[in-house]
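Peer 1: There's a structure below that I have some questions on.
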Amino acid sequence: MEQTLVLVKGDGVRRRLIGEIVRRIEAKGLDIRAMQLMDVSRELAEEHYAEHREKPFFGELVDFITSTPVVAMRIEGEGAIAVVRRLMGSTNPAEAPPGTIRGDLALSLPDNLVHGSDSPESAQRELGLFFGGKI
Ligand code: RTP
Ligand code: MG
């Protein structure tokens, strides 16, 4: 069965939206296999977002994800990676459709509440980072 990493990022924790986001994931029929509230070190953040290292918003992104605790979840289900991405909505909340987490609950970047792995390779890598105990 497919697994993916979901993060409720700092804005979601600060705004007390953990329950609302978990509710949507559960209501969809996905299973929570692991869940932890945790601090994200700079090392973990830079590794997690390595694909964005050259982007102009990389510094802001790392500051954002390390500034407050996040909730990391190992989510499992048929097609979980793509299903979670659809539940989240597009990256920019201003463009995310109503009915999605970002479309209903967020307004502008970088505060888009959630992260979901974007491919089987990313899921494996990111689950290792957050739940493998390496960093
Ligand atoms: P994520 O990785 O968080 O699941 O989001 P995503 O795939 O939809 O978006 P991605 O392109 O991977 O970007 C990662 C995170 O960087 C912030 N971002 N800021 N200022 C900007 O133009 C900008 N673009 C992206 C967002 O927080 C996004 O989730
Ligand atoms: Mg991404």
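Peer 1: Between the DSSP loop rule and a limit of at most 15 other Cβ atoms within 10 Å, which trypsin sites (Lys or Arg not before Pro) in segment 41-117 are left?
Peer 2: Details: sites: Arg42, Arg53, Arg74, Arg85, Arg86, Arg102; in loops: Arg53.
Here the trypsin sites (Lys or Arg not before Pro) that fit, given the DSSP loop and packing criteria, are Arg53.
Peer 1: State to the nearest 20 debye the size of the charge dipole of segment 3-131 about its Cα centre, where the only charges are +1 on K and R beta carbons and -1 on D and E beta carbons.
Peer 2: Dipole of segment 3-131, to the nearest 20 debye: 400 debye.
Peer 1: Going by how many other beta carbons lie within 10 Å of each one, how would you line up Met38, Met73, Met1, Met88, fewest first?
Peer 2: So the ranking, lowest neighbour count to highest, is Met1, Met38, Met88, Met73.
Peer 1: Once you charge only the Cβ atoms, +1 for Lys and Arg and -1 for Asp and Glu, what is the size of the charge dipole of segment 78-119 about its Cα centre, to the nearest 20 debye?
Peer 2: Rounded to the nearest 20 debye, it is 40 debye.
Peer 1: Further question: Most exposed first by the Cβ proxy, i.e. fewest other Cβ within 10 Å, how do Lys55, Lys28, Lys9 rank?
Peer 2: Placing the least packed residue first, the sequence is Lys55, Lys28, Lys9.
Peer 1: GNM on the chain, C-alpha springs below 10 Å: top fluctuator among Ile32, Ile81, Ile65?
Peer 2: Comparing Ile32, Ile81, Ile65 in the GNM, the peak value goes to Ile32.
Peer 1: Follow-up. Tell me whether segment 59-114 comes out rounded, prolate or oblate; compute the Cα gyration tensor, take square roots of the eigenvalues as a ≥ b ≥ c, and use a/c under 1.5 as the rounded threshold.
Peer 2: oblate
Peer 1: For the chain, calculate the relative contact order in percent as a whole number, restricting contacts to Cα pairs under 8 Å that are 6 or more residues apart. Walk me through the intermediate numbers first.
Peer 2: Details: 219 pairs, mean separation 48.9, N = 135.
Contact order relative to length: 36 percent.
Peer 1: Report the relative contact order of segment 6-70, percent, no decimals, based on alpha-carbon pairs under 8 angstrom and at least 6 residues apart.
Peer 2: Relative contact order comes out at 51 percent.
Peer 1: A further question follows. Out of every Cα pair in segment 3-131, what percent are spaced more than 20 Å from each other?
Peer 2: In whole percent, the long-distance tail amounts to 39.
A short reminder: the numbers here are calculations on the coordinates, not readings from a lab. Predicted model only: the values in this text are computed from it and were never measured. In this analysis, Cβ positions are derived from the backbone assuming ideal geometry, glycine residues included, and neighbour counts consider all displayed protein chains.
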